[in-house]
Each structure stands twice: as C-alpha cells, then as structure tokens.
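Where a number appears in this text, it was derived from the coordinates with a stated rule and is not lab data. Bear in mind the structure is a predicted one, so any value in this text is a computation, not a measurement. So basically every Cβ, Gly included, is an ideal-geometry build from the backbone, and we count neighbours across all protein chains shown.
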Amino acid sequence: MSDQQPPVHGSAYGYRPGQTNPTLAAVGPGTPCGELLRRYWHPVALSTRVHDVPRKVRILGEDLILFRDRNGRPGLLYPRCMHRGANLFYGRVEQDGLRCCYHGWKFDAEGRCLDQPCEPGHGVHRDAVRQPWYPLEERYGLVFAYMGPPDRKPVLPRYDNLETIGSNEVLWRRFGGFGATGDESLEVVPYSWTHMNDNVMDPFHVQVLHSTFSTVQFVPQFAVMPRVEFFETDNGVCYSAVRRLDDGREVERVSSWLMPNVMSVPDVTLKAGPSAGIAWLVPVDDTHYIQAMVSRVPRTAGFRHMLYNGKTWGQMSPDEHQRIPGDFEAQASQGPVTLHSEEHLVSSDRGVMMVRRMLLKQMEVVASGGDPLGLSFDPAARPIQVRSGNFYRAAQAAG
C-alpha cells in the first residue's frame, strides 16, 4: 500500500507567476496603447508651474523640456539640442525662445531655429533645421500637449461641467499623486496608470476598501451594497450605482470614464447634483503616472486633504498604511504593472472589462488608420457632456 499523498489542489508549490498584458500596459512610441493615447491631448503641467526656467517633463515614455518664453508662449521640445546634443534643460529662456547653453542655438516654442550665433549671418541656413517639438494649448489652468500625428490633431476638448463657473466658485486644480493618496505627498505615482483606470469603473471596491474594511474613509452611506448597471456612451463607459438610504430615499451615483484616460467621479460626500470635476490619468511611462484634477469649488471653501483617522496619507506610519489601506495601498500592491494572466475577473468586474475591451478595440482602429472614439476636429464642437453626479429620489417600491 502506497504512502504517497494525493495532490493538493491549489498548492503554491511550483507556481509560476503570471504575465502582464503589454498591449494594455505599454505606452511608449510605436506600442498599440501608446499610439492610441497619442491621438488625444494630455495635461503635462499646471499653467502656473510653467515659466521662464526650463523644466524636465516625462510623458508617455518620452523625456522632454517644457518652458514658457517671455512673450508668455509655452513650448515642449525634445531635450537634446539638434546641433551637438547638449540638454536644453540648461538652456536660457529669452523673449521669443529657448537658447542652448553650449553654442547658443535658439529655438522657438515650435522648434524653429531663430539664431545660430557662431555661424556667419547667425546661420543663413537655420530655417532648414527644426528642433523636434509638440503642440501645446492651455485650458482650465492646465497646459495640454498633443503628441500624435500632426495631420490628425483634434481640437482640445471642453467639458460641460467646467465651462460655467458660478460667481461664488473658483477652479481648484491639482497635478501629481493627489488622486491616489488624498494629499500632495507624491509628485509621481509609482505604478501603471491602468491600476487607477481600472478603478474608475469599479464601484464595488467603495463598499469594501473605503467603507467596511477598516474605517469609513468617505461617508457611512457607502457601506450599503449598491445595485449597479454599466453602460457604454458615445465616448466611454458609465456606471449607475443605486443605494437605498435609511431615510427612505435612494441615491443614484453615476460615474464616468471617457476615452482614453479621463474620469469624472462625483462628490465623495454624496453631495447632491452633477459632478463638478474632471481628472486625467496621464502615463509618465509604463510604470508611473500623474493625475491632473480640475474641479469647481465654492470660493469660500477651505482646502481639505483626505484624512485617515485624523492624519493625511503622508503622515501615516507603515503600520497605519497596513491597517488602514486606501486606493494607493490596494493599487501599489498589485505591482508596477498588474499580472493580467493571474486575474480572475467576475461579474462585479464588468465595468473593468468594458473599459479594457473599448481600449483594445480603439487600438485596432488606430492601427488600421482610423480615428478613435471621442475625438472632434470641429473647433465649434459643443463641450463633452459629463453624466456623472449624485442624484436623489424617493425609494422605489420593492417587487
């Protein structure tokens, strides 16, 4: 009689870690997702942070130099001077452009060479060369870059919930890691943009992570498990999460994801009304991102950080981060890029699956020479409708 034990189902012995899906995760030039993302405008800085000192910017896996000339025009240039390769980070901003520190070649915001001071006539052939550059536009207090094919450049979109600012309102802006931590501890979030992008269409984690796992991180009403429906729109995906409250009312919370990396999350205190804000999840590279956020807020409202048991995220100890995890801990623990092959997606992940399918389909559209969803080439186009908000009503009868 053999003493050998039967195999144990699910044993970790010999387990081989899974793999990421590079089609979803890679954002560099020439990658499917990178080429899709390059067909849209992306915020690269707060307008107030762009001035006459060059600054380094990394976006979609590319290192660039951002500056504002003394005429007020912003420019985004390839960092290596096309003359001999000195980095324009060490250049000097002048009235009409950026001058290289090495031999003084000067470039305007669109890469035109304006001066070659060591050459006869200051460069009689300087018009024949051009420093690689990307177009910039400013809106809502942000500087946006378009990094795609020049002949397919869309108009920079407007959003209806940011277009009308009340007399008692101002635009609140943040750029960096605020969306992941609730404070300004991080300038760059150290994991893939896809973690937060998946999170946008995941209403169920609010009931667990933010409400019933450790502490109430937003409001107690989120502890109610919602009835959820997901639906596609002309340019993205929305969910409707309905909760029945103790006072007999129902609140329908509608959240929006817009191609390819834009979200509008309603007020997390369940304040009634349409969403007042927009956020962009901007990949720095495959394993880092920043979040640009713009929202209408009351002029007299004081700024508040997200608090965990009275502390900001940056004030918490490692032990507190373990005992009171939030979005950052849950997402960072997935790794720099999640191992897609190890996932076991279920019915509550339907929104995540819809977003990923839409991204993959639009990658195919771009690869075949088409224009992806959500673009407009009409300067007179109406602002994009944002459906998000917290909407209250009398509870529906059961049955």
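Quick one: putting +1 on the C-beta of Lys and Arg, -1 on the C-beta of Asp and Glu, what dipole do you get for the stretch 308-399 around its Cα centre, in Debye to the nearest 20? Don't skip to the end; give the middle numbers.
Numbers: 9 positive and 10 negative charges, 95 e Å.
Dipole magnitude for the stretch 308-399 comes out near 460 debye.
Residues of the stretch 156-183 with backbone nitrogen within less than 19 Å of a virtual label 7 Å along the Cα-to-Cβ line of residue 304, please, listed as ranges. Within reach of a label on residue 304: 169-174, 178-183.
The ranking of 290, 59, 324 from fewest to most other beta carbons within 10 Å of each one's beta carbon is 324, 59, 290. With the simple model of a label 7 Å out from the Cα in the direction of the Cβ, residue 94 to residue 119 spans 1.4 nm.
For the stretch 308-349, the residues whose amide N sits under 16 Å from a probe point set 7 Å from the Cα of residue 216 along the beta carbon direction are 308-310. Ignoring lysines fewer than eight residues from residue 56 along the same chain, the ones with Cα atoms less than 28 angstrom from its Cα are 106, 153.
Ordering 330, 275, 377 by the projection of their Cα atoms onto the charge dipole of the stretch 154-394, which places +1 on the Cβ of Lys and Arg and -1 on the Cβ of Asp and Glu, puts 275 at the extreme positive end.
Net charge dipole, the stretch 48-136: roughly 280 debye, given to the nearest 20, about the Cα centre with Cβ charges of +1 for Lys and Arg and -1 for Asp and Glu.
What relative contact order, as a whole-number percentage, does the chain give when Cα pairs under 8 Å and 6 or more residues apart are counted? List each step's numbers first, then the result.
Details: 815 pairs, mean separation 81.0, N = 399.
20 percent.
Classify the stretch 331-399 as rounded, prolate or oblate, taking a ≥ b ≥ c as the square roots of the eigenvalues of its Cα gyration tensor: rounded when a/c is under 1.5, otherwise prolate if a/b is larger than b/c and oblate if not. In terms of gyration-tensor shape, oblate. According to the calculation over all Cα-Cα pairs in the stretch 1-69, the P(r) per 10 Å bin from zero is 15, 26, 19, 13, 11, 9, 5, 2, 0 %. Taking every alpha-carbon pair in the chain and binning the separations at 20 Å intervals from zero gives 24, 52, 20, 4, 0 percent.
Applying 1/(1 + (r/R0)^6) with R0 = 25 Å to the Cβ-Cβ distance of residue 229 and residue 269, what FRET efficiency is obtained, to the nearest 0.05?
On the way: r = 23 Å, r/R0 = 0.92.
After rounding, the FRET efficiency stands at 0.60.
Simple point charges give the picture: +1 on the Cβ of Lys and Arg, -1 on the Cβ of Asp and Glu, and for the chain a dipole about the Cα centre of about 740 debye.
When only Cα pairs under 8 Å and 6 or more residues apart are kept, what is the percent relative contact order across the stretch 48-136? The partial results should precede the final answer.
On the way: 204 pairs, mean separation 20.3, N = 89.
Value for the stretch 48-136: 23 percent.
Placing +1 on the Cβ of each Lys and Arg and -1 on the Cβ of each Asp and Glu in the stretch 79-157, which of 128, 107, 87 has its Cα farthest towards the positive end of the resulting dipole? Farthest along the dipole direction, towards plus: 87.
Take the Cβ-Cβ distance between residue 208 and residue 158 as r, set R0 to 30 Å, and report the resulting FRET efficiency rounded to the nearest 0.05.
Values: r = 36 Å, r/R0 = 1.19.
Efficiency, from the Cβ-Cβ distance: 0.25.
The trypsin sites (Lys or Arg not before Pro) of the stretch 236-284 that DSSP puts in a loop, and whose beta carbon has at most 14 other beta carbons within 10 Å, are 271.
Arranged from fewest to most other beta-carbon atoms within 10 Å of their beta carbon, 41, 172, 133 become 172, 133, 41. Counting only alpha carbon atoms, the long axis of helix 350-367 and the longest principal axis of the chain meet at about 30°. Assuming a ≥ b ≥ c are the square roots of the Cα gyration tensor eigenvalues, decide whether the stretch 164-225 counts as rounded (a/c under 1.5), prolate (otherwise, with a/b larger than b/c) or oblate. Oblate, because a/c is 1.5 or more while a/b does not exceed b/c.
Positive-end ranking of 18, 214, 258 along the dipole of the chain, with charges on Cβ about the Cα centre, is headed by 258. Once the C-beta distance of residue 139 and residue 55 is scaled by a Förster radius of 25 Å, the resulting FRET efficiency is 0.80 to the nearest 0.05.
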